[in-house]
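Q: Below you'll find the structure I mean.
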Amino acid sequence: MAARILQGDSFEPILAKISLGEFFFDYAEKHRDVICQINGDTDESETYGSVKRRSTRLALALKRKGITCEDVIACCSYNSLDNTIPIIASTYLGAKIVNLDPTLSSRNTTHLLTLVSPRVIFVEEDSLGLIENSLKDAKINSEIVVFGKSSRYATFSDLVRPCADEDAFAPAKVDLQDIGIMFFSSGTTGLPKAICHSHYSFLRLIEISFQCGFDMSTVLHYTTFYWISGMLMLARTFMEGGTRVFARTVQGENVFKMIEKYKLTALFAAPIYTYSLTKVKDPERYDTSSFRCLLTGGTPLSTEHFKKLSCLFPTAQVIFGYGMTEVGMISVFHQENDKELIGSKIGSSGKIAPESALKVVDPNTGEMLGPNVKGEIRIKTQGMMKGYYKQDSSHCFDSDGFLKSGDIGYYDDDDCIYVIERMKEMFKYQSWHIVPSSIEAVLQEHPAVKESVVFGIPRDEEGEIPAACVVLNDNFNVDKGEIEEFVAERVSDKERLRGGVMIVAALPKTPSGKLIRKEVRNIVVKSM
């Protein structure tokens, strides 16, 4: 079959003419008596009406401080009932909102603050030292507001007190092409950049996600708002009048308890966090009949693990999607329309999302490739980013306006998309391309292995030989040779761990759980 561009379905948008602030304000009013958010760790909850009231009060307080659409507002906090409010309040004023993650290092936080220079930072008490030190190192004089108690700074509770004019408040009118929200790239292959979405592009990618069909009427997630997935969960529940449940730590037993308690319909979790689910003893003890969708993506799932998850939730579908912060959802199987494909196309990230176009090209020549031929995936969508904040991003796009994803993949004869690996993470052994994530998926099937990362070690004329670092599950004592043999029995000869296995206490990861392969490799190579 000839090379072609895959085109997603079109639909009539309903959010194309409003700002982010108007979206949150209007939909909070529409669903005012519905539970908006639940802290799954404490069982605290809040209605949409309460969220609207508190965010309005905070917006008025920020307005009195002179905050406008020209300013950047930052937040650094684990998920709570409170950390949603500055995000929504900032959109009311048209200010640019950006989120930091409390687990980031001081060095990385300093770099991110330098990129965006926020006017105000909302920070939880436990992360106050991180922000103070990072601001000092970045030489930025941002105003700090603390979630909790503080004798040195303004507190969040001080700024959400009743206001005389709150009933007359309305969101500011803004240019829909202005930057509304920023996210930081993951930084797995280099220093993070600030990815800019306009009011228009972010709401379009929310609608595209909605059209993909998965049920998020009551969704559980763990990611903070540092990640686009966290903001996606927030905006999707506003659009649907659903309930967003959040928790701090992914533990299999607790997930089952929350599905039963809150009648969850969906769970979003990175693949690495789904392994704890399959290790729960007697899961049939819990009522999971409400559960409809386990949505995951970011790194591959092995076929064996996919089948285990599918058996674990008889009323739900395991949906593996593909997306990027720059463009939102790229491909996914529709929960209702693609039921047969979900079970038969294991390993695929689904079909092209609505209002999107995708092509696969030779990364060296740019020549478009046909089905079943691996190349770089390039995307164009209505939810496309504006670019990187105060940086040139023209090199990220080809001459036809498609974003260069940096991902290697292909589409098959049924237009199902398969993502193989990041271009920068693949390596060659004796001229063969080695895909680290496929070997990692095998390692994860070993009962002793909790986490793993695979990388190439330079070896003269052979190129790079595969090696691995692993973290063991508690109470397991296993010989490295046994792990090497386990892998050798399940992979091709060229994928054997000729560089050996190193057992470590912990692996460096991004806050969303993605392993930083480059950092591990550099440490191992330097120690040789």
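Q: So for segment 125-171, considering every pair of alpha-carbon atoms, how many percent are separated by more than 15 Å?
A: 57 percent
Q: Here is a follow-up. Would you mind estimating how fast the chain diffuses translationally, via Stokes-Einstein at 37 °C and 0.692 mPa s with the Kirkwood radius over Cα pairs, in µm²/s?
A: 136 µm²/s
Q: Can you give the Rg to Rh ratio of segment 35-140, both from alpha-carbon atoms, with Rh computed by the Kirkwood formula?
A: 0.99
Q: Follow-up. Put a dot 7 Å past each Cα toward the Cβ at Q177 and N364; how far apart are the dots in nm?
A: Going from the N364 label point to the Q177 one covers 3.9 nm.
Q: Can you give the percent of C-alpha pairs in segment 384-528 whose distance is more than 27 Å?
A: Tail fraction, whole percent: 32.
Q: Going by alpha carbons, how many degrees (0 to 90, nearest 10) lie between the helix axis of 84-93 and the longest principal axis of the chain?
A: 60 degrees
Q: In the neighborhood of L81, defined by Cβ-to-Cβ distances under 10 Å, what is the net charge if each Lys or Arg adds +1 and each Asp or Glu adds -1?
A: Overall, the nearby charge balance is -2.
Q: Take every Cα-Cα distance within segment 230-280, group them into 10 Å bins from 0 onward, and report for each bin the whole-number percent of pairs it holds.
A: Calculated over all Cα pairs of segment 230-280, the distribution is 22, 53, 23, 1 percent.
Q: Next up: Exceeding 20 Å between C-alpha atoms, which entries from my cross-link table qualify? They are K96/K404; K96/K359; K193/K390.
A: Flagged as over cut-off: K96/K404; K96/K359.
Q: Under the rule of at least 5 residues apart or a separate chain, name every residue whose amide H is placed under 5 Å from the amide H of M502.
A: Result for M502 returns A468, C469, V470.
Q: Return, for the Cα atoms of segment 168-321, the radius of gyration and Dmax in Å, separated by a comma.
A: For segment 168-321, the Cα radius of gyration and maximum Cα-Cα distance read 17.1, 57 Å.
Q: I would also like to ask the following. From zero up to wherever the largest Cα-Cα distance of segment 294-358 sits, split into 5 Å bins and tell me the percent of pairs in each.
A: The percentages, shortest bin first, are 4, 17, 30, 25, 14, 7, 2.
Q: Which part of segment 450-476 falls in the paramagnetic zone of T249, meaning amide N under 20 Å from the point 7 Å along Cα-to-beta-carbon?
A: From segment 450-476, the list is 450-452, 471-476.
Q: Taking the Cα of T114, stepping 7 Å toward and past its beta carbon, and measuring to each backbone N in segment 127-164: which are under 17 Å?
A: Only 131-142 pass the distance filter.
Q: OK, next. Quick one: which of 344-356, 317-329, 362-374 comes out on top by average Cβ neighbours within 10 Å, and what's the full order, highest first?
A: By packing density, highest mean first, the sequence is 317-329, 344-356, 362-374.
Q: Taking just the C-alpha trace of segment 258-310, give me its Rg and Dmax in Å.
A: 11.3, 30
Q: So what does log10 I(q)/I(0) come out to for segment 1-65 at q = 0.12, 0.19 Å⁻¹, using the Debye formula with one equal point on every Cα and no solvent?
A: At q = 0.12, 0.19 Å⁻¹ the computed log10 ratios are -0.52, -0.86.
Q: Under 14 Å from a point 7 Å along the Cα-to-Cβ line of K65: which residues of segment 96-110 have their amide N that close?
A: Of the residues in segment 96-110, 96-98 have backbone N under 14 Å from the label point off K65.
Q: Could you work out how much longer the chain between D414 and A16 gets when fully extended? Use 0.36 nm per residue separation minus the Cα distance between them, nm to one decimal.
A: 140.1 nm
Q: Given a Förster radius of 35 Å and the C-beta distance between K257 and K424 as r, what FRET efficiency does 1/(1 + (r/R0)^6) yield to the nearest 0.05?
A: Efficiency, from the Cβ-Cβ distance: 0.30.
Q: Ranking E519, E29 by Cβ neighbours within 10 Å, fewest first, what do you get? Spell out each step's value before the answer.
A: Numbers: E519 16, E29 11.
So the residues, fewest neighbours to most, are E29, E519.
Q: According to a simple spin-label model (label point 7 Å from Cα along Cα-to-Cβ), what is the distance in nm between S492 and K136?
A: Simple spin-label model gives 5.4 nm for this pair.
Q: Could you work out how far apart the two model spin labels at C163 and N372 are, taking each label as a point 7 Å from the Cα in the direction of the beta carbon, and quote it in nm?
A: 6.2 nm
Q: Once the other residues with Cβ under 13 Å from the Cβ of K279 are scored (Lys, Arg +1; Asp, Glu -1), what is the net sum? Write out the running numbers ahead of the final one.
A: Working: positive: K281, K308, K450; negative: E253, D282, E445, D474.
So the surrounding residues net to -1.
Q: Sort M216, M426 so that the residue with the fewest other Cβ atoms within 10 Å of its own Cβ comes first and the one with the most comes last.
A: Taking fewest neighbouring Cβ atoms as first place, the list is M426, M216.
Q: List the aspartates and glutamates whose Cα lies under 18 Å from the Cα of K139, skipping any in the same chain that are fewer than 8 positions away.
A: Answer for K139, where 18 Å is the Cα cut-off: D71, listed by chain and number.
Q: Same structure again: Stretch E29-E519 to full length: gain in nm at 0.36 nm per residue minus the Cα-Cα span?
A: Computed gain between E29 and E519 is 171.7 nm.
Q: Let me ask something additional. Of the beta bridges DSSP finds with both residues in the chain, what % are antiparallel, to the nearest 5?
A: 55 percent
Q: Moving on to the next point. By how many nm would the segment from Q7 to A506 lengthen if fully extended, with 0.36 nm per residue of separation less the alpha-carbon distance?
A: That works out to 175.4 nm of additional length.
Q: Pairs of Cα atoms under 8 Å, at least six residues apart: use those to get the relative contact order of the chain, whole percent. Don't skip to the answer; put the middle values down first.
A: Working: 1114 pairs, mean separation 68.7, N = 528.
Taking the mean separation of contacting Cα pairs over the length of the chain, I get 13 percent.
Q: Now a separate question. In which sequence would H221, H111 go, from the one with the fewest C-beta neighbours within 10 Å to the one with the most?
A: Details: H221 24, H111 18.
Result, fewest neighbours first: H111, H221.
Q: Please name whichever of Y322, H334, N79 sits farthest to the positive end of the charge dipole of the chain, dipole taken about the Cα centre and charges placed at Cβ: Lys and Arg +1, Asp and Glu -1.
A: Highest projection toward the positive end goes to N79.
Every number here is computed from the coordinates shown, using simple stated rules; none is lab data. Please read all numbers here as calculations on a predicted model, not as lab measurements. When we count neighbours, we look across all protein chains shown, and the Cβ atoms used for this are built from the backbone with ideal geometry, even at glycine.
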